[in-house]
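> Questions regarding the structure given below will be posed in turn.
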Ligand SMILES: [Zn+2]
């Protein structure tokens with residue numbers, strides 16, 4: 001595949017993923033953003049353009065230093081957060097949302113209590129990165145610390161970040177994180193009861209099983 005074909009194909013997948021975040025209620029309006037690697041570039045959703053208006057000619061690409069390489073539209077203001085992940089991890093795709101249940105959890109605890117074994121799919125109990133102003137290097141640094149040995153985290157009073165080998169994988173991790181957040185909020189809202197939590201041993205056993213997990217679901 002030529003570089004150009006890879007960029008065109010990746011951009012089409014990126015737009016599809018960004019539209020899914022809106023269609024499935026993980027973001028409202030133009031909040032949230034999506035990126036993916038293509039060759040030496042990072043393709044990323046532009047700032048302030050509704051996803052249903054994005055077409056092939058709206059491609060935005062930057063290099064790993066953040067210099068614009070393709071397109072006229074400005075990259076999302078959360079560019080530093082995405083670039084930090086590509087520089088410091090093996091991420092190939094990143095999804096950032098303001099999903100409501102996950103964001104609610106980020107205002108309540110410093111770690112999402114492990115109420116379900118799917119936490120193992122994100123590397124263990126999901127941490128909350130301390131609040132910092134959106135678009136800043138400080139937020140990117142807080143996020144990287146929260147992501148140590150994890151593929152997803154919450155940003156305090158802000159939202160979610162997940163990454164993966166593909167856009168689909170990063171998206172699925174966001175959907176799981178939002179679902180687990182909703183699960184914990186639902187269970188912990190029952191008066192007079194406290195949700196039971198999984199032990200680290202139970203999570204480790206689930207992680208082991210998930211590693212062998214294929215198409216059987
Ligand atoms: Zn955001």
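> Return the calculated 222 nm mean residue ellipticity for the chain, to the nearest 500 deg cm²/dmol, obtained by summing -39500 (n - 2.57) across DSSP H runs with n ≥ 4 and dividing by the residue count.
Values: 6 runs with 82 residues, N = 217.
For the chain, the value works out to -12000 deg cm²/dmol.
> Provide the packing ranking of 120-126, 103-109, 189-195, i.e. peptides ordered by the mean count of other C-beta atoms within 10 Å per residue, highest first. Show your work: numbers first, answer last.
On the way: 120-126: 20.9, 103-109: 17.9, 189-195: 8.6.
Packing order, densest peptide first, comes out as 120-126, 103-109, 189-195.
> Tilt of helix 3-23 relative to the longest C-alpha principal axis of the chain, in degrees (0 to 90, nearest 10)?
The two axes meet at around 40 degrees.
> Further question: Roughly what angle does helix 167-188 make with the longest principal axis of the chain, taking Cα atoms, 0 to 90 degrees, to the nearest 10?
For 167-188 against the chain, the angle is about 30 degrees.
> Continuing with this model, one more query. In whole angstrom, note down how far apart the Cα centers of region 45-60 and region 69-98 are.
Region 45-60 and region 69-98 have Cα centres separated by 14 Å.
> Using only the alpha carbons, work out the radius of gyration and Dmax of the chain in angstrom.
Just the Cα atoms of the chain yield Rg and Dmax of 17.2, 60 Å.
> Would you mind checking the tilt of helix 137-146 against the longest principal axis of the Cα atoms of the chain, expressed as 0 to 90 degrees and rounded to 10?
On a 0 to 90 degree scale, this one is about 40.
> Another question about this same structure. Report the Cα-based extents of region 11-66 along its three principal axes, largest first, to the nearest Å.
31, 20, 17
> Could you give me the radius of gyration and the Dmax of region 101-217, taking only the C-alpha atoms into account and expressing both in angstrom?
Final numbers for Rg and Dmax: 14.2, 42 Å.
> Please tell me the relative contact order of the chain in percent, rounded to the nearest whole number, where contacts are Cα pairs under 8 Å and at least six residues apart. Could you put the intermediate results ahead of the total?
Values: 404 pairs, mean separation 41.3, N = 217.
Relative contact order of the chain: 19 percent.
> Note down the nm distance, to one decimal, between modelled labels 7 Å out along Cα→Cβ at residue 208 and at residue 107.
Those two pseudo-labels are separated by 4.0 nm.
> Can you order the peptides 166-177, 134-145 by their average number of other Cβ atoms within 10 Å per residue, highest first? Could you put the intermediate results ahead of the total?
On the way: 166-177: 21.4, 134-145: 17.2.
For the peptides 166-177, 134-145, the packing ranking is 166-177, 134-145.
> Work out Dmax and Rg for region 2-118 from the C-alpha atoms and quote the Rg first, both in angstrom.
15.0, 47
All of the numbers you see were taken from the coordinates with simple rules; none came from a lab. Keep in mind it's a predicted model, so treat the numbers as computed, not measured. Here the Cβ is made from the backbone with ideal geometry for all residues, glycine too, and neighbour counts use every protein chain on show.
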